[in-house]
Every structure is written in structure tokens, then in C-alpha cells.
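Every number in this text was worked out from the coordinates using simple rules, so none of it is lab data. Note that the coordinates shown come from a computational prediction; the quantities given were computed from them, not determined experimentally. All Cβ positions, even for glycine, are placed from backbone atoms using ideal geometry, and neighbour counts span all protein chains on display.
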Amino acid sequence: MATLTQFSARLGRTLRQQLVDLGSSTRLFFQLLARTPAALLRFSLVREQIYFLGNRSLSLIGVSGLFVGFVLALQGYYTLQRYGSAEAVGLLVALSLVRELGPVVSALLFAGRAGTSLTAEIGLMKAGEQLTAMEMMAVDPLTRVLAPRFWGGFIAMPLLAALFSAIGIIGGWLVAVPLIGIDAGAFWSQMQGGVDVWADVGNGVIKSLVFGITVTFVALLQGYACKPTPDGVAQATTRTVVMSSLAVLALDFVLTAMMFSI
């Protein structure tokens with residue numbers, strides 16, 4: 001009986017804490033949205049974050065997209081060759097990238113590179129009491145620090161996903177046409193005829209926008225809510241990668257199911 005009571009008490013405390021965390025994160029999200037006009041009026045701050053989060057991730061996104069295109073072209077060719085449709089490898093590469101792999105892999109890489117940087121930066125500012133000093137000087141840290149980073153990540157993520165898909169298609173062409181010997185005209189014509197701008201590219205853009213909001217907000221939330229200690233910042237950085245990755249994969253399933261049902 002005592003064991004059951006203790007288990008019920010621990011479960012109740014855990015559920016209560018989860019509800020408190022959910023309420024705090026929801027409140028922070030709407031506070032960031034409310035401060036959007038003030039943040040966009042000082043667009044130079046947002047521009048700096050676009051450069052920090054987007055431009056400094058270009059090498060990682062570009063190299064990763066190129067090798068993903070290589071692998072897709074090889075795997076697609078060996079699979080399609082069995083059915084006499086090797087010329088459709090360009091269509092396979094393009095659809096795989098713009099629908100799924102471009103937004104998803106870019107978001108996972110974005111979480112590992114930019115998300116952790118955001119969490120560590122905000123966490124260190126909190127540990128150094130810089131956010132508290134801003135409040136004492138009547139400067140809102142949400143408007144000055146968090147909101148520009150939120151919208152910088154929101155803008156940078158779709159651009160990185162588009163670049164990932166474009167470089168991946170080029171990588172698929174390099175393998176399929178010069179290496180394997182697929183006709184270049186068939187490669188591009190199959191792609192142009194089978195990829196729909198709204199149904200395929202548009203859905204990929206929507207996914208990248210949702211992933212950009214999710215990853216950036218999780219990173220900012222973990223940094224803003226972490227314990228102001230070195231160990232707390234390290235734990236928050238780890239939670240950012242784990243929670244962002246799981247959220248991206250779960251949202252990808254939900255979005256894909258909704259898009260195919262429409």
C-alpha cells in the first residue's frame with residue numbers, strides 16, 4: 001500500500017511538472033509572437049542571426065546534400081534498373097529531396113549545428129546574468145535577444161532546405177549522367193514532368209517552415225529555461241538536439257499524413 005501511494009505521488013508530481021513546463025513553453029511562444037513587430041523593426045538584429053544561423057551552416061548543408069544526392073542516385077538506379085526505368089532516376093532523386101529528405105535532413109543538421117549554438121549562447125548569457133542586467137536597464141531580453149534569433153532561424157531554415165535539395169539534385173546528376181551513363185535529356189525531362197511545383201515543392205517548403213519554427217523555438221526555450229551553471233547549459237544543449245530531432249521526425253509524419261490526405 002505504501003509503495004502504491006509513493007508511486008502515485010511521484011506520478012502526480014511528474015504530470016504536474018510536465019503541465020507546468022508545457023504552460024511555460026506555450027507562454028514563451030506567444031510572448032515571442034507578440035514581440036515580432038518590435039523585433040522586425042530592428043531588422044539588422046534579425047539579419048545578423050540569419051547570417052549566423054544560415055550562412056555559417058552552408059558548408060555543412062552543401063556537403064551533406066551533395067553526398068545524399070550521390071547515394072540517392074546510386075540506390076535509385078540499381079532499384080529502377082530492375083524494372084527497366086533507369087531513366088527515371090532523376091525523378092526519384094528530385095521527389096525524394098524536395099518532399100522528404102531536403103526538409104528533414106536539413107532540419108536535423110540545423111538542430112545539431114545552429115540549435116545547439118543558440119542554446120549555448122542563451123544559456124551562457126543567463127549564467128553570466130546578462131539577461132538580468134538587461135532587465136535592470138529596462139531592456140526586454142525577449143525583444144532584444146530571443147525574438148531576433150527566433151525569426152532568424154525561421155527565415156534561414158527554408159533557405160537551407162532549398163539549398164540542400166538543389167545541391168542534392170546536382171549530386172544525383174553527377175552520379176547518374178557522367179558516372180553511370182544515363183541520358184542527360186531523359187534525366188531532366190523525367191524530373192520536370194513528374195515534379196509538381198505546388199504539390200511537391202510547396203509541401204517541402206511548408207515542412208521546412210514548420211521545422212524552422214520548431215527547432216529554433218526548442219533551442220531558445222532550452223537555453224532560456226536552463227539552470228545558470230555549466231552543467232545546466234550542457235544538459236540544455238543535449239536536450240535541444242534530442243527534443244528537436246524527435247519533434248522534426250514526429251511532425252514530418254503528421255505533415256506527410258495531412259498532405260497526402262488533402
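What do you reckon, is G102 touching a Phe, Trp or Tyr at 6+ places or on another chain (Cβ under 6 Å) and under 17 Å from A162 (Cα atoms)? Steps first, please.
Numbers: touching a Phe, Trp or Tyr at 6+ places or on another chain (Cβ under 6 Å): yes; under 17 Å from A162 (Cα atoms): yes.
Judged against the criteria, G102 is a match.
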Exercise for review: Please go through the range 77-99 and pick out each residue that is of a type in the set (A, V, I, L, M) and over 15 Å from F164 (Cα atoms).
Suggested key: L80, A86, A88, V89, L91, L92
Point to revise | Sole residue being in a helix (DSSP H, G or I) and either without any contact (Cβ under 8 Å) to a residue 12 or more places away in the chain or farther than 30 Å from V177 by Cα (or both), chosen from L15, L91 | key: L15
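Only one of these is closer than 30 Å to V46 by Cα and surrounded by 19 or more Cβ atoms within 10 Å (Cβ to Cβ): G168, G172. Name it. Give the steps one after another, and end with the answer.
Details: G172 fails: closer than 30 Å to V46 by Cα.
Going through G168, G172 in turn, just one is closer than 30 Å to V46 by Cα and surrounded by 19 or more Cβ atoms within 10 Å (Cβ to Cβ): G168.
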**Study point:** Selection from the range 27-50 of residues that are in a loop (DSSP other than H, G, I, E, B) and in contact with a Lys or Arg (Cβ under 9 Å, 6 or more places away or on another chain)
**Key:** R42
Review point. Of the conditions (1) without any contact (Cβ under 8 Å) to a residue 12 or more places away in the chain; (2) surrounded by 14 or more Cβ atoms within 10 Å (Cβ to Cβ), G185 fails just one. Which one is it?
Key: (2)
Revision key, fill the gap. Selection from the range 149-194 of residues touching a Lys or Arg at 6+ places or on another chain (Cβ under 9 Å) and under 14 Å from S96 (Cβ atoms) yields A161
Practice item. Scan the range 208-232 for residues that are buried (at least 17 other Cβ atoms within 10 Å of the Cβ) and not in a helix (DSSP H, G or I) and jot them down. Key: C226
Revision key, fill the gap. Within the range 136-149, the count of residues that are crowded, with 24+ Cβ neighbours inside 10 Å and either on the phi > 0 side of the Ramachandran plot or under 12 Å from the mean Cα position of the chain (by Cα) (or both) comes to 0
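Please specify each residue of the range 67-94 satisfying the condition of being surrounded by fewer than 18 Cβ atoms within 10 Å (Cβ to Cβ) and not β-branched (V, I, T).
Residues of the range 67-94 surrounded by fewer than 18 Cβ atoms within 10 Å (Cβ to Cβ): 67, 71, 74-75, 78-85, 87.
Passing the criteria: F67, L74, Q75, Y78, L80, Q81, R82, Y83, G84, S85, E87.
Out of E121, E100, which single residue is surrounded by 17 or more Cβ atoms within 10 Å (Cβ to Cβ), within 22 Å of the chain's Cα centre (by Cα) and acidic (D, E)?
Numbers: E100 fails: surrounded by 17 or more Cβ atoms within 10 Å (Cβ to Cβ).
From the options E121, E100, the qualifying one is E121.
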